[in-house]
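Asks: Submitted below is the structure of interest, expressed as C-alpha cells.
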Amino acid sequence: MKKHSYPAVALLNQSTGSYHIYLPDLALFAEGETLEGAYGDIHHALKTYIHLATQYKVDIPRPSPLEQICSSWQGYTATLISA
C-alpha cells in the first residue's frame, strides 16, 4: 500500500492538560493525555482513514504543503504524520 503523509497540528488544552492533534486536510482529530498518546491515536486514525478510503474506492485528498499549514496555524506545532 502507498504511504501517505499529512500535516498535523498539535494543540495543548490548557484547561484539561490533554493534547489534541488535528489533520486539517482530512478533518481528523485525536486526543491524548500525553503528546505521544495523541500522536499514536492520530496515526491510527490516519491508517484507518486510508484503509477505508482505499477499500471503498473513495478519492484521498492530496496533502497540503507543511509550510502552508505552518503559516495557517502560526503559534502551534506542525509536523507530518505518515501511514
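Asks: How tilted is helix 35-55 with respect to the longest principal axis of the chain? Cα atoms for both, answer in degrees (0 to 90, nearest 10).
Replies: 20
Asks: Using amide H atoms built 1.01 Å from N in the peptide plane, name the residues 5+ places from L28, or on other chains, whose amide H lies under 5 Å from its own.
Replies: L23
Asks: Give, as ranges by residue number, the residues of region 40-66 whose backbone N falls under 17 Å from the point 7 Å along Cα→Cβ of D25.
Replies: In region 40-66, the label zone of D25 (backbone N under 17 Å from the point 7 Å along Cα→Cβ) covers 42-54, 58-66.
Asks: Just to be sure I understand: with springs between alpha-carbon atoms less than 10 Å apart, which residue in S18, S64, S72 has the highest mean-square fluctuation in the Gaussian network model of the chain?
Replies: Of the options given, S72 has the highest mean-square fluctuation.
Asks: Further question on the same structure: Can you tell which of T77, A27, A10 lies farthest toward the positive end of the dipole of the chain, using +1 and -1 charges on the Cβ of basic and acidic side chains (Lys, Arg; Asp, Glu)?
Replies: A27
Here, each number is a calculation from the coordinates, and none is a lab measurement. None of the values given here were measured: they were computed from a predicted structure. In this analysis, Cβ positions are derived from the backbone assuming ideal geometry, glycine residues included, and neighbour counts consider all displayed protein chains.
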